[in-house]
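Written below as structure tokens is the structure these notes are about.
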Amino acid sequence: MKIISDTGRYLLLMWLVLRKPDKKNIYKNQVILEIDHLGVDSLGIVTIISVFIGAVITIQTAFNIDSPIVPLYTIGFATRQSVILEFSPTIVSLILAGKVGSRIASEIGTMRVTEQIDALEIMGINSASFLILPKIAASMIINPILVVISMFLGVFGGWLSGVLTGVVSSNELIYGFQYEFHPYDVFYALIKTVVFAFLIASISGFHGYNTQGGALEVGQASTRAVVHSSIAIIIFNLILTQLLLI
């Protein structure tokens, strides 16, 4: 029953969040600020993970292809498909759910327990929209950019590891990266990323906004935000894959 209750409260909160803002200029400034806090600050971890995961995928694929019938360019093809279709949109989003989601929940949760949200409401401000909507908008803008960067770096890491370890030649890898490339794969990945960005920001905002108690409860809200965001990403990953690829 708690799942149903929380789902209903989440939907009611989203109705408040997505209402038309009263002062758009203030929201624009907030969105730009959140893009810096939520997106640019995450570029470092996305870069490191993407390069090394691309490298690992290439080496593991080369290790498992031991048949002379399978051409070597298959390594590049498999690396590209793995990075674009699943690693960059899904795994990076799960990482951002941990980093960004906990930040959103703890920030809003702290404002709740210190009664800053109550002060906003006394001033007649739609606190839910003011605090959560810029974070949702910023995530939906910057996360696809991070994922595109992750795609490039993942493929680059695969090429670098293949060449440095000597498991496959540069020409074979590059041919595999280009082999039967379909732009729709990138479009599919970006659609998933936008949905995941909304889920991360909105679910984390929901848990932070409904925090009650003190510092301990803020920490618990951050944990729930990460867990529930990750579960939502996994579920919607399956749904979107079914709808968009099959």
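The values are calculated or read from the model by the stated rules, or taken from the named source; none is laboratory data. Quantities reported herein were computed from a predicted structural model and do not represent experimental measurements. All Cβ positions, glycine included, derive from the backbone under ideal geometry; neighbour counts span all protein chains shown.
Determine which single condition VAL70 fails, assuming it passes every other condition in (1) modelled with pLDDT under 90; (2) hydrophobic (A, V, I, L, M, F, W, C); (3) closer than 27 Å to VAL226 by Cβ; (4) over 17 Å from the mean Cα position of the chain (by Cα).
Just one mismatch for VAL70, condition (3).
When residues of the range 33-55 are filtered for being loosely packed, with under 14 Cβ neighbours inside 10 Å and not charged (D, E, K, R), how many remain?
4
Considering only residues that are farther than 15 Å from ALA197 by Cα and either surrounded by 13 or more Cβ atoms within 10 Å (Cβ to Cβ) or in contact with a His (Cβ under 6 Å, 6 or more places away or on another chain) (or both), which ones fall in the range 228-246? Break it down stepwise before answering.
The initial filter retains those residues of the range 228-246 that are farther than 15 Å from ALA197 by Cα, namely 238-239, 241-246.
THR241, LEU244, listed by residue number.
When you go through VAL83, VAL70 one by one, which is the residue that is in a helix (DSSP H, G or I) and not hydroxyl-bearing (Ser, Thr, Tyr)? Reasoning before the result, please.
Numbers: VAL70 fails: in a helix (DSSP H, G or I).
Testing whether each residue is in a helix (DSSP H, G or I) and not hydroxyl-bearing (Ser, Thr, Tyr) leaves just VAL83.
Residues of the range 135-178 being in a loop (DSSP other than H, G, I, E, B) and either among the polar types (S, T, N, Q) or crowded, with 24+ Cβ neighbours inside 10 Å (or both), which ones? Give the derivation first.
If we filter the range 135-178 for residues that are in a loop (DSSP other than H, G, I, E, B), which is where we start, we get 166-169.
The answer is VAL168, SER169.
Taking the residues in the range 1-17 that are touching a helix residue (DSSP H, G or I) at 6+ places or on another chain (Cβ under 7 Å) and of a type outside the set (Phe, Trp, Tyr) as candidates, determine which candidate is surrounded by the fewest Cβ atoms within 10 Å (Cβ to Cβ).
At the first step, the residues of the range 1-17 found to be touching a helix residue (DSSP H, G or I) at 6+ places or on another chain (Cβ under 7 Å) are 10, 13-14, 16-17.
From what's left, of a type outside the set (Phe, Trp, Tyr): 13-14, 16-17.
Working: LEU13: 18, MET14: 18, LEU16: 14, VAL17: 22.
Step by step, filter the range 1-17, then rank; the result is LEU16.
Can you go through VAL218, VAL227 and tell me which one is without any contact (Cβ under 8 Å) to a residue 60 or more places away in the chain and within 30 Å of ILE108 (Cβ to Cβ)? So that I can check it myself, show each step before the final result.
Numbers: VAL218 fails: without any contact (Cβ under 8 Å) to a residue 60 or more places away in the chain.
So the residue among VAL218, VAL227 that is without any contact (Cβ under 8 Å) to a residue 60 or more places away in the chain and within 30 Å of ILE108 (Cβ to Cβ) is VAL227.
(1) of a type outside the set (Asp, Glu); (2) touching a Leu at 6+ places or on another chain (Cβ under 7 Å); (3) closer than 20 Å to GLY124 by Cα: which one isn't true of GLY39, the others all being true?
(3)
It is to be established whether one or more residues within the range 80-89 are of a type in the set (A, V, I, L, M) and within 21 Å of VAL168 (Cα to Cα).
Within the range 80-89, the subset of a type in the set (A, V, I, L, M) is 83-85.
When the remaining residues are screened for being within 21 Å of VAL168 (Cα to Cα), the result is 83-84.
Among the residues of the range 80-89, at least one is of a type in the set (A, V, I, L, M) and within 21 Å of VAL168 (Cα to Cα), which makes the answer yes.
Checking the condition part of a helix (DSSP H, G or I) and surrounded by fewer than 24 Cβ atoms within 10 Å (Cβ to Cβ), which residue from ILE95, ILE108, ILE75 passes?
Values: ILE108 fails: surrounded by fewer than 24 Cβ atoms within 10 Å (Cβ to Cβ); ILE75 fails: surrounded by fewer than 24 Cβ atoms within 10 Å (Cβ to Cβ).
So the residue among ILE95, ILE108, ILE75 that is part of a helix (DSSP H, G or I) and surrounded by fewer than 24 Cβ atoms within 10 Å (Cβ to Cβ) is ILE95.
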